[in-house]
Structures are given as C-alpha cells and as structure tokens.
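As structure tokens, the structure follows; a few thoughts come after it.
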Amino acid sequence: MKLGNFEVISLYENKFRIDGGALFGVIPKKIWAKLMPPDENNFITLEIHPLLIKTGEHNIIVDLGLGDALSDKMKKIYGVESPSHLTKSLEDAGISLEEVDIVIFSHLHADHSLGGLKLGDDGNMVKLFPNAKYYAHRYELDDALNPNERNAATYLIDLLRHYDEIQGIQNDGKIIDGIAVYLTGGHTRGHLLILVQSEGETLIYPGDIFPTRHHLKPAYIGAVDSYPIDSLYKKKGIINECLKGDYYIAFDHDPDIRIGKLKEKDGNIFAESVE
Ligand SMILES: [Zn+2]
C-alpha cells in the first residue's frame, strides 16, 4: 500500500506453530480456542510477516522471519514445513536481495531474526542481504547474546552470531527520515516498535506487542512475554495513539489481517483490514 511517498508491503515469510497457552497467557483455553482453534496437540499456526518499506531512496525490512538455516530439530519444534518465502515475496515486491540496505529487528527471537541467513553450497553460512545495515536495541543484543534458561530456546545464539555487525540502538528515535524506533520492552527487554511516517500518514509495526489482532484486548498477553505487565501498559498506550492519530497497524503474525486500522465499538477495540 501507499503511505504518503512510501510504499509499504507486508511480506510473507513462512508459517510456524506455537502452543496456544504460550500465545494467550492467562486467558483460558475455552476462550482463546474460539478465536484461534488449536490442533490436536494444542498448537496454533501463525504466519510471519516482515514489513518492507520502499522510500524511493532506501529499502528497509523490519524483521526477517525464521529463514532456512534452522536445524531439522528446530524446524520440527517450530513446525516449519516449507522453505522460507522471503526471497520470493521480495521478488514479487520488485526488490532484489542486494537492494535491501537496512534491516531493523523488533527483537531477536528466532521467528524475527534468522530469515537473513542461509546455508551456502559449501556449508558456510551466507547472509541474504549483502548490502544491509542491521539494527536492534542494545538491550536486545545483550540479552540475545547472554540468554538465560527461560529464553535460550528462542534466542538461537549460534545462528545469530553470523550477523556479526548488528548495531545496538541506544535511544529511541530516527533511523532515517520517516522511520523511527521506540523501546516498548514487555515482550522482551529490548523489544522495539517501528514507526513509519510520510506526508502526514503513519503506520506502526508493534512486533510481538500485538502478534495478532486478538491481542488487542489488554489482558491477552502471551506467556512468552518476559515482562507482561509492561506489555499491558504499552498496549493501552499504543492503542490510544493509533485511535487518536488514525494510524495503520501492521500485524507480524496474524493469519488474516496484515495491515489494518483500529476501531472502537462499545468499548471494544478491533482491527479492520485495509488491504
Ligand atoms: Zn514473534
């Protein structure tokens, strides 16, 4: 879609699965299963939607998905059944791998960070975007490179190390004209929201603060969030800003709505697709 002078495209990287309880936290299964029916093993299938922003001068991707470098064991854990579609999805958007010059990671969990890596024919790891500069919050880099027992399964440090030059963002604010990042915390300590603005129009990519539209309800917070109460307050603030400013919102994992706008009816917040 057009956003002012920019073109913004929600890409499709792959599908993966996650335990329904992990995705909905304290919400009883009886309630969430009506919104996202699980399979017989309690898994819900999510999509991965990196965001491409074409400014005319720069081609920026926010998050990269799971990629093709996972071990067979990890592929099984994540329920990955097909190769990454990222290259094809970029091709469809008219962008070559060489033309991507900026990658911003909302955070470094495997389903957001590893899509820029692939195993070369010689068995060495290759970076998909040879001309890209990579950014993540410095807290995120610290935590990903020093995982604890609770998050080690999702910060795949041996793979992440192949991005040898991710720049640690110190402060909120501008990456380039029209693209800024804000520390949300919540899902992870260094989780970022990405704000895209052109000609008075605004789109936010809130990453895993709102993985799906069902997470617009304040208490719907995944058990995978490291700081759930921070997520709660951030969510309410972001929803207010979106409604006030009539912002577009890009969902990173929603199987049905990729880019939408928020509406309020009888005190309930919901998203309407704009694509
Ligand atoms: Zn995620």
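The values are calculated or read from the model by the stated rules, or taken from the named source; none is laboratory data. Quick caveat: nothing in here was measured; it's all calculated off a predicted structure. Cβ placement follows ideal geometry from the backbone for every residue including glycine, while neighbour counts extend to all protein chains displayed. In case anyone asks, the SASA skips ligands and DNA or RNA and just uses the protein heavy atoms, side chains included. Shrake-Rupley method; radii C 1.70, N 1.55, O 1.52, S 1.80 Å.
Condition check: away from the ligand (no atom under 13 Å from the Cβ) and part of a strand (DSSP E or B). Does I221 satisfy that? Outline the logic, then answer.
Numbers: away from the ligand (no atom under 13 Å from the Cβ): yes; part of a strand (DSSP E or B): no.
Answer is no for this residue.
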Inset, instruction - Evaluate the stretch 4-15: report whether one residue or more is over 22 Å from L117 (Cβ atoms) and assigned to a loop (DSSP other than H, G, I, E, B). - result: yes
Legend entry - Among (1) surrounded by 22 or more Cβ atoms within 10 Å (Cβ to Cβ); (2) out of contact with any strand residue (DSSP E or B) (no Cβ under 6 Å at 6 or more places or on another chain); (3) part of a strand (DSSP E or B); (4) not basic (K, R), the one test that V181 misses: (2)
Legend entry - Residues that are more than 17 Å from N14 (Cα to Cα), in contact with a helix residue (DSSP H, G or I) (Cβ under 7 Å, 6 or more places away or on another chain) and of a type in the set (S, T, N, Q), drawn from the stretch 93-119: S106
Inset, instruction - Within the stretch 59-74, track down each residue that is away from the ligand (no atom under 16 Å from the Cβ) and either surrounded by fewer than 18 Cβ atoms within 10 Å (Cβ to Cβ) or small (G, A, S) (or both). - result: A69, S71, D72, K73
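Filter the stretch 193-217 for residues that are within 13 Å of the ligand (Cβ to nearest atom) and touching a residue at least 24 places away in the same chain (Cβ under 8 Å) and give the result. Full working, then the answer.
Here is the first cut: in the stretch 193-217, the ones within 13 Å of the ligand (Cβ to nearest atom) are 205-212, 215.
If the condition is that a residue be within 13 Å of the ligand (Cβ to nearest atom) and touching a residue at least 24 places away in the same chain (Cβ under 8 Å), then Y205, P206, G207, D208, I209, F210, P211, T212 are the ones that fit.
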Legend entry - the stretch 82-129: number of residues that are away from the ligand (no atom under 16 Å from the Cβ), hydroxyl-bearing (S, T, Y) and more than 18 Å from E7 (Cβ to Cβ): 2
Legend entry - Selection from the stretch 230-261 of residues that are surrounded by 14 or more Cβ atoms within 10 Å (Cβ to Cβ), under 20 Å from L46 (Cβ atoms) and of a type outside the set (V, I, T): S231, K235, A250, F251, D252, H253, D254, P255, R258, G260
Inset, instruction - Scan (1) in a loop (DSSP other than H, G, I, E, B); (2) open to solvent by less than 40 Å² (accessible area, probe 1.4 Å) for the single condition L23 breaks and write down its number. - result: (1)
Inset, instruction - Pull up the stretch 154-178, narrow it to residues that are assigned to a loop (DSSP other than H, G, I, E, B), free of Cβ contacts under 8 Å to residues at least 40 places away in the same chain and more than 17 Å from V196 (Cβ to Cβ), then point me to the one that is most open to solvent (accessible area, probe 1.4 Å). - result: R161
Legend entry - Counted residues, the stretch 252-261 - those being assigned to a strand (DSSP E or B) and in contact (Cβ under 8 Å) with a residue 24 or more places away in the chain: 2
Legend entry - Answer from I77, I102 - the residue that is open to solvent by less than 60 Å² (accessible area, probe 1.4 Å) and hydrophobic (A, V, I, L, M, F, W, C): I102
Legend entry - Pairs where the first residue, in the stretch 38-52, is part of a loop (DSSP other than H, G, I, E, B) and the second is of a type in the set (S, T, N, Q), C-beta under 6 Å, 6+ apart: H49/S10
Inset, instruction - Mind counting the residues in the stretch 22-49 that are among the aromatic types (F, W, Y) and within 16 Å of the ligand (Cβ to nearest atom)? - result: 2
Inset, instruction - Select from the stretch 262-275 the residues that are surrounded by fewer than 16 Cβ atoms within 10 Å (Cβ to Cβ) and either within 16 Å of the ligand (Cβ to nearest atom) or assigned to a strand (DSSP E or B) (or both) and list them in ascending order. - result: K263, E264, K265, N268, F270, E272, S273
Inset, instruction - Hey, can you tell me all the residues within the stretch 220-229 that are open to solvent by 40 Å² or more (accessible area, probe 1.4 Å) and either at pLDDT below 95 or of a type in the set (A, V, I, L, M) (or both)? - result: A223, V224, I229
Inset, instruction - Might you let me know whether the stretch 112-125 holds any residue that is open to solvent by 10 Å² or more (accessible area, probe 1.4 Å), under 19 Å from Q167 (Cα atoms) and either within 18 Å of the chain's Cα centre (by Cα) or modelled with pLDDT under 95 (or both)? - result: no
